[in-house]
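Worksheet: the structure to be examined is printed underneath.
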Amino acid sequence: MQKKSCLLFILLLPVLLFAQETLQVNPIYKNTIHSVKMGVAGWEISYPVIELYSESQVQLSFDDLSDEIQDYTYKIVHCNADWSRSDLAENEYLEGFFENQIPQPRASFNTMRKFYHYELKLPNNDVQLKVSGNYMLMVYNDFNINEPILSQRFSVYESKTQIFATAKRSILAKYSKTHQQVDFRVDLQTLEIADPFSDITIAVVQNNIWPLARTDLKPQFVQNKILIYEDPDENAYRGFNEFRMFDTKNLDYAGAGIAKIFFEDNDYYVRLLDDDDKRFKVYLNEKDINGAYIVRNREYDDHDVDSDYSRVYFYLPMPEPLTDGDLYINGELCNWNLTERNKMEYNYEKKAYQLMLILKQGYYNYHYVFSNKQQKDYDPQRIEGSHFETENNYLIYVYARPFGSEYDHLVGFLNVNTVEDNQTIYEE
C-alpha cells in the first residue's frame, strides 16, 4: 500500500506543483538537463498538439550535460482538462507497453562542452494513444520513478467540433490600447451533449503559455447547438509585447542582441546588450517567434549535437528592486517555468537585475516576467508593457465530458493568429 501511494504521489507531483504555485508547467528536476523542447515531430517551431490516430507525432528532445550516458525511462499519464490526473487506467488510454526506455542518445561532437542529446517520439512502436485529451509525459531514471528527471505536457485532439474564431483589437474603449479580443463559435452538431454549460470546458491559451490560460469562459449564447463566445469583456486578453531576441548561432562574433562574446577556461561567455523597461514605451513592430527558440550553429550541419553551450548573461538596469515580487527570464528557453534557475537577482552596486543561463547555440526569444510574492501570478506586463498591435497566437481547446464519461475528451482544437498574413520571420 505504501509503494502504491508513493507511486501515485510521484505521478501527480508536477500537477501538484502547478496547482500550488502556478509557476511549474513543465518541471525539470535534474540540474544537468538543458534545451528541453516538446513539439510536433518535423516542425521546429510548433506546439505539442496532435490529432488522434493521425500520422503526426509529438517529439521530446533534451540534452544532459552529464559526463556519462544515462538510461532514462518514460511513462504517459492521462489528465483532465485542468491537468489533474484522470480516472482512466493505463490500459484504457494506452496500447502497448506502459513503461519504456528513451532511445540511446547521441554524443556531442565538435563542441567544447560535452553533452548527450536525447529524443523521443510519441506514439511509437512501443506505445500508442487510444483516447483524446491532455497528457503528461514523465521521464525518470532507469525504471526508478522515485528519481524524476522532467515532465512535459502535450495534447491529443479529435476533430468532432468545428471552431470558428477571430483575434483582433478589443472593441471596448477601456481595452482598446492594451488588449486583444478573441471571439469564437463552437459547433457541437456531431456531439451528444446534454448541458453545454457544464459538459463543455474551454481553454484559450495565448502562445500556448499555460500560466496565461483562460479556462473560465462560458458561452454568451447557445443557438442550434452552436456555442457563441463573443462577450467583449470576457474575451479580452492583454496583448503584452513582442518577445526580445538574441542570436548565438556564431560564437566567433557578437550577433543580434549581443554586446560581446569571449572564451575563457574552456567555456564561452555571452554578454547580452542591456535591456530596458518597456512598460511605458510605444509599440515597435519587432518580428519574433512568440517565445520559442531554435537550436542552430553556422559551422556544422548536425545542429543537435554540433551546437555548443555558452554562459549567457542577461542585464536589466533598474534604479531600485521590485519589492512586491520576483523577476524572471522566461520563454521556451526556460520551459515556461518560473523557478530558481531563471529567477533574476538584483545587484545593488550596479542597480540592475542580472542572471546567467547556460544555453545552446541558436536563435532565442524571451520576456521578463514578474511574479507577485503573494499571488504567485505570471505577469509579463510589469516590464514588457501591453499593446493591442502585438502579434500573438491564441490556441483554443474544446473539452467535452458527456454524461457518464470518466474523462475529458479533447474534441476540438484551433490556433488563431492576430495577424492573418503572419509570415515565418526566422532566417537561417
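Each value in this text was obtained by applying a stated rule to the coordinates, not by laboratory testing. Values in this document were obtained by computation on a predicted structure and should not be read as measured data. All Cβ positions, glycine included, derive from the backbone under ideal geometry; neighbour counts span all protein chains shown.
General observations
- Unit charges on C-beta of K, R, D, E only; dipole of the range 244-384, Debye: 460 debye
- Segment ASP233-GLN220, length gained on full extension (0.36 nm per residue, minus Cα span): 3.6 nm
- Proximal charge balance of TYR53 [Cβ under 12 Å; K/R count +1, D/E count -1]: -3
- Label-point gap, in nm, between ASP252 and ASP267 - each point 7 angstrom along Cα→Cβ: 2.4 nm
- The calculated FRET efficiency for the pair LYS260 and SER66, based on their C-beta separation and a Förster distance of 30 Å, comes to about 0.50.
- Of all DSSP beta bridges confined to the range 244-384, the antiparallel ones make up roughly 90%.
- When the chain is treated as a Gaussian network with alpha carbon springs shorter than 10 Å, the biggest mean-square fluctuation among GLY96, GLY404, GLY39 belongs to GLY404.
- Fewest-first ranking of GLU158, GLU55, GLU119, using other Cβ atoms within 10 Å as the exposure measure: GLU55, GLU119, GLU158
- Of the residues ALA165, ALA256, ALA173, the one that moves most in a GNM of the chain with alpha-carbon contacts below 10 Å is ALA173.
- Over the chain: helical MRE at 222 nm, DSSP H runs n ≥ 4 each giving -39500 (n - 2.57), nearest 500: -2000 deg cm²/dmol
- Volume per residue of the convex hull around the Cα atoms, evaluated for the range 244-384, comes out as 122 Å³.
- Relative contact order computed over the chain (Cα-Cα under 8 Å; 6+ residues apart), in percent: 18 percent
- On full extension, the segment bounded by ILE45 and LYS114 gains 22.3 nm, given 0.36 nm per residue less the C-alpha separation.
- Total charge dipole magnitude, the chain, about the Cα centre, Cβ charges on Lys, Arg, Asp, Glu only, Debye to nearest 20: 820 debye
- Only Lys, Arg, Asp and Glu carry charge here, each on its Cβ (+1 for the first two, -1 for the last two); on that basis the range 2-157 has a dipole of about 240 debye about its Cα centre.
- Summing charges over neighbours of LYS37, with a neighbour being any other residue whose Cβ is under 9 Å away from its Cβ, gives -2 when K and R count +1 and D and E count -1.
- Dipole axis of the chain (+1 Lys, Arg; -1 Asp, Glu on Cβ), positive-most option in GLY385, TRP83, PRO196: GLY385
- Largest GNM mean-square fluctuation across LEU251, LEU322, LEU333, computed for the chain with C-alpha springs under 10 Å, falls on LEU322.
- When THR215, THR201, THR161 are sorted by how many other C-beta atoms sit within 10 angstrom of their C-beta, beginning with the fewest, the order is THR215, THR201, THR161.
- Ordered by the count of other Cβ atoms within 10 Å of each Cβ, fewest first, CYS334, CYS79 give CYS79, CYS334.
- Net +/- balance of residues flanking VAL398 in space, Cβ distance below 12 Å, scoring K and R +1, D and E -1: -1
- Computed extension length for TYR29-SER84: 17.9 nm, one decimal, from 0.36 nm per residue of separation with the Cα-Cα distance subtracted.
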